[in-house]
Amino acid sequence: MVKALFLDRDGIINVDHGYVHKIENFEFVDGIFEICTLAIEKGYQIFVITNQAGIARGYYEIIDFEHLTSWMKAEFKKRNIEISGVYYCPHHPVKGSNEYKMDCDCRKPKPGMIFKAISDHNINIKQSIFIGDKISDMEAAAAAGIDNRILVKSQYADETNIKAHRVGELAGAAQFIV
């Protein structure tokens, strides 16, 4: 079975400028490549789990997201980091202007994207880690059975009743990748 490092995208892989969907607006978070390299050295495969409500809202199309994702994966590959899978939710339950305006099982805090990755890649969830910057990331990870959850301080509110390792910046997550 595979050990997985699950990463939220906006705020963990790239700076969260809001609905980032163009290469020229994509800015890697300091330390992301080092964290991924460490995880790979420790036997983890890398997976991205990301809500992309900008698709439902009509800000960009799936093809735009896929183009950016291909570029992002290539940038990781240049650093000898393989991203084993990218799972995204294009839906929003109340805000939207197209067929993606719906309630679904994949949008975090629901664990659907994680469950899909588990199914696709034979992942051992008890040996896996989730790094995110929102409470919804931690809730999705908890609902999927991931015990090693790392919440990176961000612009979003924290709820101290959510169990997670809390770090001030991404580099602090390294101590919890075992």
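Observations on the structure shown:
- Inside region 13-54, residues that are closer than 19 Å to Ile125 by Cβ and buried (at least 18 other Cβ atoms within 10 Å of the Cβ) make up a count of 8.
- Region 84-109, residues that are among the hydrophobic types (A, V, I, L, M, F, W, C), surrounded by fewer than 19 Cβ atoms within 10 Å (Cβ to Cβ) and either out of contact with any Gly (no Cβ under 9 Å at 6 or more places or on another chain) or over 20 Å from Ala144 (Cβ atoms) (or both): Val94, Met102
- Yes/no for Ser97 being farther than 20 Å from Gln175 by Cα and modelled with pLDDT under 95: yes
- When region 142-170 is filtered for residues that are part of a helix (DSSP H, G or I) and in contact with a helix residue (DSSP H, G or I) (Cβ under 7 Å, 6 or more places away or on another chain), the ones remaining, listed by number, are Ala144, Leu170.
- Each residue in region 118-144 was checked for being within 12 Å of the chain's Cα centre (by Cα) and crowded, with 21+ Cβ neighbours inside 10 Å, and 10 pass.
- In region 83-136, the residues that are aliphatic (A, V, I, L, M) and out of contact with any His (no Cβ under 8 Å at 6 or more places or on another chain): Ile83, Val86, Val94, Met113, Ile114, Ala117, Ile118, Ile123, Ile125, Ile129, Ile131, Ile135
- Residues that are under 15 Å from the mean Cα position of the chain (by Cα) and surrounded by 23 or more Cβ atoms within 10 Å (Cβ to Cβ), drawn from region 150-172: Ile150, Leu151, Val152
- Among the residues of region 63-83, the one identified as touching a residue at least 24 places away in the same chain (Cβ under 8 Å), surrounded by fewer than 14 Cβ atoms within 10 Å (Cβ to Cβ) and closer than 21 Å to Asp120 by Cα is Glu82.
- Any hit, region 111-118, residues being at pLDDT 95 or above and of a type in the set (Phe, Trp, Tyr): yes
The values are calculated or read from the model by the stated rules, or taken from the named source; none is laboratory data. Given the structure is predicted, the values throughout are model-derived calculations rather than measurements. As a convention, Cβ positions derive from the backbone with ideal geometry for all residues, glycine included, and neighbour counts pool all protein chains shown.
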